[in-house]
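The values are calculated or read from the model by the stated rules, or taken from the named source; none is laboratory data. The structure displayed is predicted, hence computed values, not measured ones. Glycine gets a Cβ as well: all are built from the backbone with ideal geometry, and neighbour counts include every protein chain shown.
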Amino acid sequence: MYNIPNKGIGVNILAKELLIMMKRVFFYDLFIGIIVAIVSLLLISNYCFYLLLGIVTAILSFFMNSVFTNYIVTSRKESYRMLMLFNSIFRIAFICIIAILIFSFNESMVFPFLIGYSLHFLSIIVYSVSIKN
């Protein structure tokens with residue numbers, strides 16, 4: 001997926017754990033997305049696209065944050081605070097642009113988008129519970 005500079009065994013373990021976490025969270029998101037798609041198609045079909053768009057946006061934001069944070073940690077940049085700030089601003093702008101586009105197209109579809117986005121946190125909770133056990 002991306003190259004990690006080899007700076008010791010701790011970095012390799014971090015990268016392996018990160019990849020495992022990202023795969024599992026993605027699997028949970030995929031499972032939730034399929035269930036949401038089926039239920040929304042049966043009940044309120046015009047919400048389906050926006051619910052799934054919310055989940056996909058959350059997944060992309062989560063992956064961007066994970067990869068970027070891992071890069072900062074493994075490269076041991078001196079300007080890590082500035083890089084983390086840039087990462088946060090970029091992800092917020094990415095999400096806001098999508099939400100603004102949805103709002104300008106059909107303002108009533110922002111709510112399903114936010115529900116879909118919030119469902120990603122369910123995947124993170126399920127993952128956290130699964131590693132705790």
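Kindly provide the set of residues from region 47-101 that are touching a Lys or Arg at 6+ places or on another chain (Cβ under 8 Å) and of a type in the set (S, T, N, Q), ordered by number. Explain how you work it out, then say what you get.
Going residue by residue through region 47-101, those that are touching a Lys or Arg at 6+ places or on another chain (Cβ under 8 Å) are 61, 64-65, 74, 76, 83.
Scanning region 47-101 gives S61, N65, T74.
Of the residues making up region 39-67, those that are farther than 18 Å from V110 by Cα and surrounded by 19 or more Cβ atoms within 10 Å (Cβ to Cβ) number 1.
When you scan region 51-62, do you find a residue that is polar (S, T, N, Q), under 19 Å from the mean Cα position of the chain (by Cα) and assigned to a helix (DSSP H, G or I), even just one? Yes: one or more hits.
Taking region 68-85 as the range and being exposed (fewer than 15 other Cβ atoms within 10 Å of the Cβ) and either touching a residue at least 40 places away in the same chain (Cβ under 8 Å) or under 20 Å from S123 (Cβ atoms) (or both) as the test, the residues that pass are S75, R76. Return yes or no: is K23 more than 15 Å from L122 (Cβ to Cβ), at pLDDT 90 or above and either surrounded by fewer than 16 Cβ atoms within 10 Å (Cβ to Cβ) or within 12 Å of the chain's Cα centre (by Cα) (or both)? Taking the combined requirement at face value, the residue satisfies it.
Inspect all residues belonging to region 86-109 and state whether any of them is outside any helix (DSSP H, G or I) and touching a residue at least 12 places away in the same chain (Cβ under 8 Å). Before you say what the answer is, go through the steps one by one.
Taking region 86-109 and keeping what is outside any helix (DSSP H, G or I), we get 106.
Then keep just the ones that are touching a residue at least 12 places away in the same chain (Cβ under 8 Å); that gives none.
Checking region 86-109: not a single residue is outside any helix (DSSP H, G or I) and touching a residue at least 12 places away in the same chain (Cβ under 8 Å).
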